[in-house]
Number of protein chains: 2
Amino acid sequence: MELNLEQGTPILERTPRVLRALLSTLGAEWIGATEGPETWSPYDILGHLVHGERTDWIPRAEIILAQGEHRLFPPFDRFAQFEESRGKSLDDLLDEFAQRRAQSLATLASWRLTEAQLALEGEHPVFGTVTLRQLLATWVAHDLGHIAQTTRVMAKQYRGAVGPWREFLPIMDR
Amino acid sequence: MELNLEQGTPILERTPRVLRALLSTLGAEWIGATEGPETWSPYDILGHLVHGERTDWIPRAEIILAQGEHRLFPPFDRFAQFEESRGKSLDDLLDEFAQRRAQSLATLASWRLTEAQLALEGEHPVFGTVTLRQLLATWVAHDLGHIAQTTRVMAKQYRGAVGPWREFLPIMDR
């Protein structure tokens with residue numbers, strides 16, 4: 001289906017609450033767990049979402065809406081959270097994400113976007129022309145993908161512990 | 001890591017709240033969405049979790065703990081929800097799941113399981129001998145796997161809508 005704001009915005013609103021319900025107050029054995037070297041923990045993923053809120057979704061939408069001479073998005077740093085999250089607890093990140101997401105959604109709502117605006121274009125540094133509608137759909141899908149990743153990382157901590165049930169748990173080998 | 005109850009139980013407690021935060025009051029375009037024919041929607045997945053609460057985890061643990069002559073688990077019906085959920089709203093299922101899960105966890109806590117009990121064995125109808133510890137680890141991983149599945153199904157509804165970003169969203173092709 002195509003993105004429309006009435007269907008997509010509720011997902012964006014929910015993500016901070018979903019991650020809080022899933023992660024708040026859990027121990028390091030869960031929030032620091034990864035899928036192996038060079039992969040992300042729930043804590044890393046949450047920092048990545050916070051960084052996206054600061055530098056990706058709304059700033060890129062603003063570039064598109066301005067329709068200025070330069071519509072090229074600055075590249076998004078997919079590793080910024082390793083620096084930015086330093087010294088913050090998981091609950092700090094949950095709070096920061098909830099606040100920043102609420103601000104983002106207030107900004108989005110204030111624009112009262114029209115169909116014509118959703119069709120406006122910007123330039124992605126890797127794959128070129130994209131529309132505002134595609135950017136907003138990606139924001140929603142990106143949230144959902146990272147919730148899936150978070151729970152997959154956690155599930156894999158029991159890959160050995162489940163014994164022969166592993167055969168029935170495809171999540172263990174994704 | 002191996003299952004221990006202090007680490008595993010908090011995950012089991014959270015799942016009803018996570019699914020409520022994610023799904024409650026969403027429209028049919030999300031809760032009825034699937035990955036294609038013969039695949040499950042978020043609504044179907046929730047019905048499956050309710051059915052597991054009734055017939056799988058605690059009943060199988062009871063079979064193991066009894067250490068009776070017959071330790072073979074009855075097969076689990078992975079399609080029961082298509083009958084059992086009929087006529088129920090998503091919010092009905094969220095309520096039922098929360099209630100049944102709370103009961104399951106009260107039962108589990110009342111057992112005050114020892115290490116020796118966690119090592120007791122039962123017979124799985126497909127792959128034979130399993131321990132109570134493996135059963136409980138599977139319960140946790142099964143929850144996490146189905147949260148991942150739920151968000152994957154939802155993300156895929158925007159597979160076309162994200163345009164060229166699909167390349168950066170591995171969830172779309174899992």
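The criterion of being in a loop (DSSP other than H, G, I, E, B), among the hydrophobic types (A, V, I, L, M, F, W, C) and touching a Phe, Trp or Tyr at 6+ places or on another chain (Cβ under 9 Å) does not hold for B:Val153.
Taking the stretch A:71-96 as the range and being more than 19 Å from A:Arg20 (Cα to Cα) and not in a loop (DSSP other than H, G, I, E, B) as the test, the residues that pass are A:Leu72, A:Phe82, A:Glu83, A:Glu84. Filtered by the rule that a residue be surrounded by fewer than 17 Cβ atoms within 10 Å (Cβ to Cβ) and assigned to a loop (DSSP other than H, G, I, E, B), the stretch A:39-70 gives A:Thr39, A:Gln67, A:Gly68, A:Glu69, A:His70. With respect to B:Pro75, is the statement that it is open to solvent by 50 Å² or more (accessible area, probe 1.4 Å) and touching a residue at least 24 places away in the same chain (Cβ under 8 Å) true? Against the criterion (open to solvent by 50 Å² or more (accessible area, probe 1.4 Å) and touching a residue at least 24 places away in the same chain (Cβ under 8 Å)), B:Pro75 qualifies. Do you know which residues across the stretch B:100-132 are within 12 Å of chain A (Cβ to nearest Cβ) and open to solvent by less than 50 Å² (accessible area, probe 1.4 Å)? Of everything in the stretch B:100-132, those that are within 12 Å of chain A (Cβ to nearest Cβ) and open to solvent by less than 50 Å² (accessible area, probe 1.4 Å) turn out to be B:Leu118, B:Gly122, B:His124, B:Phe127, B:Gly128, B:Val130, B:Thr131, B:Leu132. Every residue in the stretch B:156-166 that is at the interface with chain A (Cβ under 7 Å from one of its Cβ atoms) and in a helix (DSSP H, G or I), please. Within the stretch B:156-166, B:Gly163, B:Pro164, B:Trp165 qualify. Would you mind stating whether B:Gly27 is among the small types (Gly, Ala, Ser), surrounded by 14 or more Cβ atoms within 10 Å (Cβ to Cβ) and within 13 Å of chain A (Cβ to nearest Cβ)? No. Scanning the stretch A:97-106 for any residue that is more than 20 Å from the chain's Cα centre (by Cα), closer than 30 Å to B:Gly8 by Cα and not hydrophobic (A, V, I, L, M, F, W, C) turns up nothing.
The values are calculated or read from the model by the stated rules, or taken from the named source; none is laboratory data. Everything quoted here is computed from the prediction, not taken from an experiment. Glycine gets a Cβ as well: all are built from the backbone with ideal geometry, and neighbour counts include every protein chain shown. Quick note on the areas: whole protein, heavy atoms, side chains included, nothing else; ligands and nucleic acids left out. Shrake-Rupley method; radii C 1.70, N 1.55, O 1.52, S 1.80 Å.
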